[in-house]
There are 2 protein chains.
Amino acid sequence: MWFTCEVTPSPPDDGDRPLDPRVAQTRRIVVEAAAALLGEEGFERLTLESIAERSGVARSTIYRNWPDRAVLLADAFDQLCVFPEVPDLGSMVDELRLLAEELANGLRSDEWANALPSLVGAAHHDESLTQAQAQFSQRRRAMTAVIFERAAERGEVSSAQDPSLLAEYFAAPMFFRFLMTRQPIDDDFIERHIGVIVDLAKR
Amino acid sequence: MWFTCEVTPSPPDDGDRPLDPRVAQTRRIVVEAAAALLGEEGFERLTLESIAERSGVARSTIYRNWPDRAVLLADAFDQLCVFPEVPDLGSMVDELRLLAEELANGLRSDEWANALPSLVGAAHHDESLTQAQAQFSQRRRAMTAVIFERAAERGEVSSAQDPSLLAEYFAAPMFFRFLMTRQPIDDDFIERHIGVIVDLAKR
DNA sequence: GGGATGTGCAACAATCTGTTGCGCAACGCA
DNA sequence: TGCGTTGCGCAACAGATTGTTGCACATCCC
């Protein structure tokens with residue numbers, strides 16, 4: 001989140017003094033409302049007025065807590081992006097299938113369908129959103145790579161293959177369909193796709 | 001283009017009567033200006049005022065020729081998307097390398113870097129832009145599939161592989177890097193990627 | 001040549017972003 | 001408990017942008 005990150009250059013947080021409870025409350029409520037609306041509207045259609053209305057916080061107060069719309073939306077997107085770890089199922093194919101279905105469900109959900117594509121567009125000329133997008137990609141990639149790391153440990157695949165690269169090839173066609181071609185990400189596709197990835201991992 | 005397409009439901013074109021030269025002139029000039037600005041600014045930042053200024057056509061006249069901003073931008077995007085066929089080089093790998101470099105150069109260019117990501121965002125809640133995006137994806141896919149079809153004819157790969165599917169796996173990782181992860185699409189990546197695709201085609 | 005049609009211009013409403021000043025309420029420290 | 005500090009709601013504001021409209025003028029086509 002923007003206001004809890006000590007690394008970002010913009011310094012809205014005063015430091016280590018505990019936050020005024022009014023401020024903490026305001027920021028929490030606003031980000032929650034923004035995240036909800038982000039899932040309903042996407043970045044472009046989402047107005048600060050609607051966030052103010054849903055959260056019950058005045059627009060002027062929102063501007064006192066975030067420098068501009070994009071930074072708030074980046075925080076809201078972070079809020080939206082919580083995904084579970086893939087459990088160890090003892091089999092790479094099973095884990096890939098589970099993850100593929102989780103991702104497919106996500107991409108089919110209104111939340112992601114509204115938030116993700118508009119993020120892609122908006123991120124290309126805003127630094128805060130670029131960061132939010134990079135963090136999203138990185139998290140998903142790491143979470144996917146774990147599957148291939150475990151498979152290598154089990155001896156299911158040769159350890160010569162880079163788990164991170166395999167994770168990239170796992171994610172790319174699904175996002176490509178979602179963002180660019182709009183082809184369905186259905187069971188047939190998933191099953192065939194997993195076959196391709198398994199071939200790649202075992203080659 | 002919106003105004004020359006007989007299939008689209010919206011009927012701005014009066015039919016087969018030749019267009020008033022004033023109208024033809026206006027539309028041509030405006031789309032050209034819009035396409036140029038699209039490559040410079042992207043969808044979100046591009047204003048109708050700037051198109052009016054660059055084209056020398058009044059904003060009111062633009063609105064008389066296109067129902068709204070999105071439809072004009074869809075036409076402008078079409079204008080921007082002209083890509084060459086891949087020549088028969090007698091070798092699948094050579095042709096893939098050529099196409100990958102063409103695509104990488106495109107994605108590195110300001111034109112595409114500005115237009116494409118913003119299209120992804122904008123297309124998700126506008127029908128005209130959805131169509132423009134679908135057409136773009138389809139054209140590129142067909143153009144890529146030709147490489148695999150020729151390879152199958154030459155006997156370089158088994159004809160069991162679906163050229164269209166291979167085209168999808170060829171494009172997806174490059175667009176994924178461009179749109180989502182922002183990782184570089186450099187020579188190393190291209191070379192490794194072509195290796196992956198060749199493996200897929202030959203499996 | 002003359003009616004029909006397209007264009008430029010200017011003004012307009014509506015929406016949205018971002019800012020500011022003021023009065024009031026909540027906070028935290030003594 | 002009291003009081004200075006700080007945050008908040010409200011209202012108004014400037015500026016940008018999208019679309020729309022009426023009118024005068026130029027161009028087109030018959």
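Can you name the residue in the range B:49-82 that is away from DNA strand C (no atom under 13 Å from the Cβ) and β-branched (Val, Ile, Thr) and, of all such residues, is farthest from B:His124 (Cα to Cα)?
Checking each candidate, the answer is B:Val82.
Give me a count of the residues in the range B:20-29 that are touching a residue at least 12 places away in the same chain (Cβ under 8 Å) and more than 13 Å from DNA strand D (Cβ to nearest atom).
2
Starting from residues that are touching an Asp or Glu at 6+ places or on another chain (Cβ under 8 Å) and either more than 11 Å from chain A (Cβ to nearest Cβ) or of a type in the set (Val, Ile, Thr) (or both), keep the ones in the range B:160-200 and report whichever is surrounded by the fewest Cβ atoms within 10 Å (Cβ to Cβ).
Ranking the candidates gives B:Ile190 first.
Inspect all residues belonging to the range A:140-161 and state whether any of them is part of a helix (DSSP H, G or I) and closer than 26 Å to B:Arg108 by Cβ.
Yes, there is a match, as at least one residue in the range A:140-161 is part of a helix (DSSP H, G or I) and closer than 26 Å to B:Arg108 by Cβ.
Is it the case that some residue within the range B:36-46 is among the charged types (D, E, K, R), more than 14 Å from chain A (Cβ to nearest Cβ) and either within 10 Å of DNA strand D (Cβ to nearest atom) or surrounded by 14 or more Cβ atoms within 10 Å (Cβ to Cβ) (or both)?
No, the range B:36-46 has no match at all.
Within the range A:124-140, can you find the residues that are facing chain B (nearest Cβ under 10 Å), in contact with a helix residue (DSSP H, G or I) (Cβ under 6 Å, 6 or more places away or on another chain) and closer than 13 Å to A:Cys81 by Cβ?
The answer is A:Gln133, A:Ser137.
Can you spot a residue in the range A:97-109 that is free of Cβ contacts under 8 Å to residues at least 60 places away in the same chain, surrounded by fewer than 20 Cβ atoms within 10 Å (Cβ to Cβ) and within 16 Å of DNA strand D (Cβ to nearest atom)?
Looking for residues that are free of Cβ contacts under 8 Å to residues at least 60 places away in the same chain, surrounded by fewer than 20 Cβ atoms within 10 Å (Cβ to Cβ) and within 16 Å of DNA strand D (Cβ to nearest atom), one finds none in the range A:97-109, hence no.
Does at least one position in the range A:48-67 carry a residue that is within 14 Å of chain B (Cβ to nearest Cβ) and touching a residue at least 12 places away in the same chain (Cβ under 8 Å)?
Looking for residues that are within 14 Å of chain B (Cβ to nearest Cβ) and touching a residue at least 12 places away in the same chain (Cβ under 8 Å), one finds none in the range A:48-67, hence no.
Say we look at the range A:115-137 and pick out the residues that are closer than 18 Å to B:Leu107 by Cα and at pLDDT below 90; which of these is surrounded by the most Cβ atoms within 10 Å (Cβ to Cβ)?
A:His124
For B:Phe170, all conditions in the list (1) over 18 Å from A:Tyr169 (Cα atoms); (2) touching a Ser or Thr at 6+ places or on another chain (Cβ under 9 Å) hold save one; what is the number of the exception?
The single condition B:Phe170 does not satisfy is (1).
Which condition breaks for B:Arg45 when tested against (1) modelled with pLDDT under 95; (2) within 13 Å of DNA strand C (Cβ to nearest atom); (3) assigned to a helix (DSSP H, G or I)?
(3)
For the range B:11-21, check the following and say yes or no: at least one residue is surrounded by 14 or more Cβ atoms within 10 Å (Cβ to Cβ), away from DNA strand C (no atom under 16 Å from the Cβ) and at pLDDT below 95.
no
Of all residues in the range A:48-102, how many are part of a loop (DSSP other than H, G, I, E, B) and closer than 30 Å to A:Ala201 by Cα?
11
Let's see how each residue does on (1) of a type in the set (A, V, I, L, M, F, W, C); (2) within 16 Å of DNA strand D (Cβ to nearest atom); (3) touching a helix residue (DSSP H, G or I) at 6+ places or on another chain (Cβ under 8 Å):
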{"position": "A:Val31", "(1), (2), (3)": "yes, yes, yes"}
{"position": "A:Glu49", "(1), (2), (3)": "no, yes, yes"}
{"position": "A:Val57", "(1), (2), (3)": "yes, yes, yes"}
{"position": "A:Val71", "(1), (2), (3)": "yes, yes, yes"}
{"position": "A:Asp75", "(1), (2), (3)": "no, yes, yes"}
{"position": "A:Asp94", "(1), (2), (3)": "no, no, no"}
{"position": "A:Ala113", "(1), (2), (3)": "yes, no, yes"}
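The values are calculated or read from the model by the stated rules, or taken from the named source; none is laboratory data. What you see is a predicted model, and the numbers here were worked out from it, not measured in a lab. Quick reminder, even Gly has a Cβ in these numbers, built from the backbone with ideal geometry, and neighbours come from all protein chains shown.
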